[in-house]
Amino acid sequence: MGGRDDVKGEVKKKLDLDAILVEEIGQFGKYQARMLLLFMSVAIFATWGGVEYVFTTARTSTRCLIPECDSDQPEWSPVWLSNAVPATGPSSFDNCQRFANTTVEVANKTCPSSLFNPDVLQCCEEYVYENTNTVVYDYGLACDEWRRSSIGTVRTFGTLLALPITGYISDRWGRRVALAFNAFNTGWLGLARYWAHTYIGFVVSEFVEAMFGAGGFSCAYILLMELVGPKYRVAAGASLNTIFAFGEVLMGIIAWCVPNWRNLTLALYTPQLLTVSYFWIATESVRWYMSKGRYAESEALLKKIAKVNGKKLSEQSLEQLRTTVEEGARKAETKEQKTNNEPSLVILVFQHKRVLLRCIVSPIWWITSTFTFYGLSVNSINMSGNKYVNYIAVAAMEIPGYWLAVYLMGKIGRKPVLIMAFWTCAACQTAYVFMPQGMPAVSLAVYLIAKSSIAMVIVSVYVYTIELYPTKYRHRLFAFSSMMGRFGSILAPLTPAFGAQWFEELPFVLFGSMALLSGLLIFLTPETLGTKLPDTLEEAEKLGLKDNKIDK
């Protein structure tokens, strides 16, 4: 009898999924590697959908049509142009203004300088475009910088709305369904934009595609994190971010080869129609199966993973896992009932001043990081030189930033990495603003260092914010900071318009000042390297204190 009781006691032993990954089926084996390769394609396609507007809506150089001089098929830069249009540089002319006419009558189309009054400027009535590659030509956005820039903002706002939609689908029908839904919607809705013949139609297409398709990357990220063991999660997440950056580089190359926006749309979105196959070839989350009580399916999937990884999974472990999950569900239900009688989270946070301070400053970090990260990408194509080379170089510099952050966070701590990265970015913005003309190589180098620095921030602030908040409220408090950060990405596409409206360097002044402020605010929060993750608000209050250090 005693032996039988011992067996029952062993069966009831607690065993969670992380323990099974570590001890039996492998934290990162052949199966996880296959899924990572699949999710890499998801990341690349998500990149193309998320930032293609940088090229399809890019500025196009224009000049005024001069009816008294231009022919029915006007040249872009005729020899007489300096007589009619004010110069803005050695080989550049004003995009939006021309000299007014004088009363001089000219018998032929020679367009002499006497035909124009250089002391009086007037706005263009019609335009000549340097090329027809972007929507600026199709929709007549020649000097309408706000309407052009707002396309990216509208798209990013759609991305914000995609989060709750994707979250609902993911929790209700599964991560795999949400992944296929978003990926396929990105493909066909993006492709439909090829036939947009009005500005409103184009903007609506961008918004709808983002709202119903921009959640694909987050689905892939969650699926991967729920499939990989704890030892490899940071590296796996950094790998997906790296592939996202590679997708930007690849998109820059494709845009260089296919400059016309309609043809580029076909090139980027047609392959994405194949993503409907993700529903059959992607793995559902074991954790989602278990959360829905679908134990037979979760156990079958775990056995499949173990088999592919060349491991053996015992029935006893599966029984222990089921027991742990069921007990966790009962505890969660009890906790929810108790939570209903607690004060609201807002009240609780105000009762813990150190946590309240983090809730005030962490959204500023997030707004700065997203505003600067996406703002530098958007503005890169407006720099002097080849816009495709500039964009590719700026995107590629994200990769060393990601991995340098992963390495340094474990060596010197979260705070030093964030302060260094924020202030390096701020210093680069200052240098870029005051850089003398005629130094394109130096300007690009400073710009690249800034982008790599803000990429370090993106990785570091994600980890650091999670570690600052207690387990009980971590998701909600983290989501608050992340949601506020979206406002930075919404504003970023408008920064070229800020520069056109006020002064050209304004975007970089904003990037630099916000990075400087954010670096200063890091001093107000505790270091979390080597500390125990807090479970309660009381423990979070003690973060950074000596008694919260992990014994080594």
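The values are calculated or read from the model by the stated rules, or taken from the named source; none is laboratory data. These figures come from a predicted structure and were not determined experimentally. In this analysis, Cβ positions are derived from the backbone assuming ideal geometry, glycine residues included, and neighbour counts consider all displayed protein chains. Calculation scope for accessible area: heavy atoms of the full protein, side chains included, ligands and nucleic acids excluded. Shrake-Rupley method; radii C 1.70, N 1.55, O 1.52, S 1.80 Å.
Remarks
- What the Cβ-Cβ distance of residue 277 and residue 327 gives, at R0 = 25 Å and to the nearest 0.05, is a FRET efficiency of 0.10.
- Three-way shape label, the range 436-502, alpha-carbon gyration tensor, a/c 1.5: oblate
- Neighbours of residue 397 by Cβ distance under 12 Å: Lys/Arg scored +1, Asp/Glu scored -1, total -1.
- Taking θ as phi - 60° and the Karplus parameters 6.51, -1.76 and 1.60, the scalar couplings of the range 148-162 work out to 5, 5, 5, 4, x, 5, 4, 4, 5, 5, x, 4, 4, 6, 5 Hz in sequence order, x denoting glycine and proline.
- Theoretical FRET efficiency, 1/(1+(r/R0)^6), r = Cβ-Cβ of residue 483 and residue 23, R0 51 Å, to 0.05: 0.85
- Cα gyration tensor category, rounded, prolate or oblate, for the range 253-387 with a/c compared to 1.5: oblate
- Normalising the Debye intensity of the range 80-165 to I(0), with uniform scatterers on Cα atoms only, and taking log10 at q = 0.15 Å⁻¹ returns -0.71.
- For residue 532, distant residues with modelled amide H under 5 Å away: 550
- Shown is the FRET efficiency for residue 348 and residue 75, computed with R0 = 60 Å from the Cβ-Cβ distance and rounded to the nearest 0.05: 0.30.
- With N counted as the residues of the chain, its alpha-carbon radius of gyration over 2.2 N^0.38 Å works out to 1.15.
- Between the Cα long axis of helix 216-227 and the first principal axis of the chain there is an angle of about 20°, rounded to the nearest 10.
- Average Cα contact separation per residue, the chain, under 8 Å, 6 or more apart, as relative contact order %: 18
- Counted charge near residue 437, where neighbours are those whose Cβ lies closer than 13 Å (Asp, Glu -1; Lys, Arg +1): -2
- Probing with 1.4 Å while keeping every protein chain in the model, the per residue accessible area of the chain equals 47 Å².
- Length-normalised contact order of the range 257-391 in % [C-alpha pairs under 8 Å, at least 6 apart]: 9
- Net +/- balance of residues flanking residue 59 in space, Cβ distance below 15 Å, scoring K and R +1, D and E -1: -2
- Long-range tail of P(r) for the range 333-450 (Cα pairs > 25 Å, %): 44
- For the chain, with all protein chains in place and a probe radius of 1.4 Å, 62% of the accessible heavy-atom surface sits on carbon or sulfur.
- When 219, 143 are compared by accessible area at a 1.4 angstrom probe, the order from most to least is 143, 219.
- Taken one residue at a time, the phi angles of the range 487-492 give Karplus couplings (6.51, -1.76, 1.60, θ = phi - 60°) of 5, x, 6, 6, 6, 3 Hz. Gly and Pro are set to x.
- Helix-only arithmetic for the chain: the sum of -39500 (n - 2.57) across DSSP H runs with n ≥ 4, divided by the residue total, places the mean residue ellipticity at 222 nm at -21000 deg cm²/dmol.
- Whole-angstrom Cα spans of the range 225-314 along principal axes, big to small: 57, 28, 25
- Distance (nanometres) between label positions extended 7 Å along Cα→Cβ at residue 208 and residue 33: 4.3
- Our coupling estimate for the range 345-358, obtained by passing each phi through the Karplus curve with A = 6.51, B = -1.76, C = 1.60 and θ = phi - 60°, is 4, 4, 5, 4, 5, 5, 7, 10, 4, 5, 5, 4, 4, 5 Hz, Gly and Pro reported as x.
- Solvent-accessible area of residue 98, all protein chains in place: 20 Å² (probe radius 1.4 Å, heavy atoms, ligands and nucleic acids excluded).
- Using a simple spin-label model with pseudo-atoms 7 Å out from Cα toward Cβ, residue 131 and residue 117 lie 3.8 nm apart.
- The length gained on full extension between residue 110 and residue 520, counted as 0.36 nm times the residue separation minus their Cα-Cα distance, comes to 141.5 nm.
- For the chain, the Cys residues with no second cysteine's beta carbon closer than 4.7 Å are 123, 219, 257, 359, 425, 428.
- Size descriptor for the range 174-267, Kirkwood hydrodynamic radius: 15.0 Å (Cα pairs only, one decimal).
- Relative to the longest principal axis of the Cα atoms of the chain, the long axis of helix 199-213 lies at roughly 10 degrees.
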